[in-house]
Every structure is written in structure tokens, then in C-alpha cells.
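The structure appears right after this line, and notes come after that.
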Amino acid sequence: MGSEFDEVAAATDPAMVVVTTAVGGERAGCLVGFHSQSSIDPPRYAIWLSRANHTYGLALRAEYLAIHFLGEDQLPLSVRFGTLTGDRTDKFAGLAVEDGPGGVPVLTDVPRHLLVRRVALLDEGGDHVCLSTEPVAVRHGSGFVPLRLSACDELDPGHAHDDRRSRADAQGTVSEDPGAR
């Protein structure tokens, strides 16, 4: 079933986003292909982060995140946030960044983004964990054509999907309620 499932999933060719977050002055960001609106009323947006990513560990402790919708002309950002690891690299070096809520880094050269607050976490044991979020601010530009997964197929990720060396996993379970921290 694996290869057949992979073919069906790949045919959807999802838009790519960069998710950023910050906690205690530490910033992180990663390229994400698993994301979707998940409720109309109240508005919710879900993102699935790989356990292997540095961003995952920080996002578990963060209250706020930014979801940047990449345009088809922003492949270099997908390369930066999809192939480098925040364990060893400052992915934000040299980029235009402003602080959002909770110090979340907002990539100012990406005209479409959501600033969101984490409201729930779903961890059903897979290699990705779902964060349900509520939008607190929205920025959009015109003439948007999304960067698709098919344009990023040749990227080598900073961590393999089965690399679960996350610092957050080593720290144990994190509360689903960001206000409980």
C-alpha cells in the first residue's frame, strides 16, 4: 500500500509554507507541506511538523507561530528552510525579519502569512505531529501563485523523516494547553 498511497498523496501537489516560531529568544523555522484550514467557525489552521525538525521542539513550547505561504518565485527560501537544520545553522541570517507576537520571526519578504496561536496538539504516534492553531493576524498580497511540493522534490531535508532526535522528545510530554506552561 505504501507506494500507491505515496502516488495518491503526491498527486495533490500541496502548496509549501515556512513555519517559524520562537521561545525565549531562540528562533526556528522549517519547510512544511502538511497544512490545511481545519475549521470555519471558529477559524482554525492545522500544521503538521516533523518530530525530526528543530522547529518541532521549539513549537511544542511556543504559544505563537507564523505560517508563511511561499510563492512560486521563492524556491530559495524553501531550500534554506527545507535543507538546513536549525541545530547547526541560523536560517534567519541575512533575511528581512520582524518580530511578531511572542517574538515569532516574520519573514517580511513573504507577502502572505498567518500569525497564529497554538490551541491544541494531536500526537497519534506518526512521524509528524499536528498543531491546531487560531489566526491572530493575517497578511495577504495579490497575484499569488503558490510554490508546490513538486518544485521542491529534489531537496534533501536537514533531517530524515525517521530521525526522531528532537530535544523535545527527550524532554518528555508537553501540555496541549499553551497557557498551562
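Quick note: the coordinates plus some simple rules give every number you see, no bench work behind them. Source: prediction; values computed, not measured. Positions of Cβ are generated from backbone atoms using ideal geometry, with glycine treated the same way; all protein chains shown enter the neighbour counts.
When you filter the trypsin sites (Lys or Arg not before Pro) in segment 73-150 for DSSP loop state and at most 15 other Cβ atoms inside 10 Å of their Cβ, you are left with ARG88.
Between segment 3-28 and segment 91-115, the C-alpha centres lie 17 angstrom from each other. Given R0 = 25 Å, the distance between the Cβ atoms of ASP87 and ASP109 translates into a calculated FRET efficiency of 0.55. Once the Cα-Cα distance is subtracted from the 0.36 nm per residue extended length, the GLU98 to ARG139 segment shows a gain of 13.4 nm.
The magnitude of the dipole of segment 19-120, with charges of +1 and -1 set on the Cβ of Lys/Arg and Asp/Glu and taken from the Cα centre, is near 320 debye.
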